[in-house]
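Single-structure report; data block below.
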Amino acid sequence: MRPTILFFLLLLLIILPSLLYLNYSIIQTSEEAITLMPEIDNNVVRGPVVMPQLKNSTIKAELGQSSWKLLHTMMARFPEHPTQDEKEALRNFIYLFSRLYPCGECAQEFQAILAKHPPQVSSREAASQWACAVHNIVNKRLQKEMFDCGKIADKYKCGC
Ligand SMILES: Cc1cc2nc3c(=O)[nH]c(=O)nc-3n(C[C@H](O)[C@H](O)[C@H](O)COP(=O)(O)OP(=O)(O)OC[C@H]3O[C@@H](n4cnc5c(N)ncnc54)[C@H](O)[C@@H]3O)c2cc1C
């Protein structure tokens with residue numbers, strides 16, 4: 001038999017079924033992973049502050065600037081019409097952020113703010129305005145200048 005014909009026969013009989021089986025196992029494994037994934041535990045997401053007090057004021061200020069930048073940019077790029085899954089992802093992120101924020105006393109204050117002003121996740125606009133408003137609450141407490149939330153989209157670009 002010619003080598004090319006032999007090769008194609010080999011491919012049909014051995015390699016193709018093996019590839020198909022491998023593909024099936026991968027799909028099965030990822031489906032198992034999804035089934036085994038536990039429900040998100042609300043007690044974990046909404047739990048208490050994790051970090052201790054942050055005494056160094058320079059680190060605290062730098063951390064604050066970077067964190068606000070992250071939060072406002074996240075809102076500027078959040079979908080205009082998010083799915084339920086995307087809304088829950090953002091809501092859970094904010095609550096976990098409030099638990100794990102590296103400045104413990106800031107996180108404590110932020111959790112108190114969240115209790116009165118829960119995250120608004122229905123749209124990009126709602127999320128951006130919410131982040132601007134809670135930042136202004138922190139600004140007021142720290143006796144900083146208020147930001148005009150009407151200008152939020154000019155300051156934090158979607159980059160879309
Ligand atoms: C969740 C959180 C809680 C914090 N809690 C405390 C705390 O309890 N005690 C403490 O000492 N520090 C806290 N910080 C840090 C504090 O908010 C400041 O980040 C830090 O004092 C540095 O201030 P800054 O003047 O450089 O400007 P930042 O407040 O860091 O703001 C950075 C830039 O964002 C823009 N900006 C200002 N206000 C708004 C707004 N409302 N919306 C959009 N953009 C705005 C301005 O251009 C400003 O220069 C917290 C930070 C975060 C993220």
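Please treat every number below as a calculation from the coordinates, not as lab data. None of these values were measured; they are calculated from a predicted model. All Cβ positions, even for glycine, are placed from backbone atoms using ideal geometry, and neighbour counts span all protein chains on display.
Here the Karplus relation 6.51 cos²θ - 1.76 cosθ + 1.60, evaluated at θ = phi - 60°, turns the backbone of segment 80-97 into coupling constants of 5, 10, x, 6, 4, 4, 5, 4, 5, 4, 5, 4, 5, 4, 5, 5, 5, 4 Hz, with x for every Gly and Pro. Computed 3J(HN,Hα) for segment 146-156, one whole-Hz value per residue from the Karplus formula 6.51 cos²θ - 1.76 cosθ + 1.60 where θ = phi - 60°, is 7, 9, 7, 5, x, 9, 4, 6, 6, 7, 10, glycine and proline marked x.
Each listed q (0.13 Å⁻¹) maps to a log10 I(q)/I(0) for segment 88-160 from the Debye sum over equal C-alpha point scatterers, namely -0.40.
Close amide H partners of V49, meaning residues 5 or more places away or on another chain with modelled amide H under 5 Å apart, do not exist here. Legend: calculated FRET efficiency, L142 to E86, from the Cβ-Cβ distance at R0 = 30 Å, rounded to 0.05, equals 0.45. The Cα atoms of segment 42-155 give a gyration tensor whose axes a ≥ b ≥ c have a/c of 1.5 or more with a/b no greater than b/c, which makes the shape oblate.
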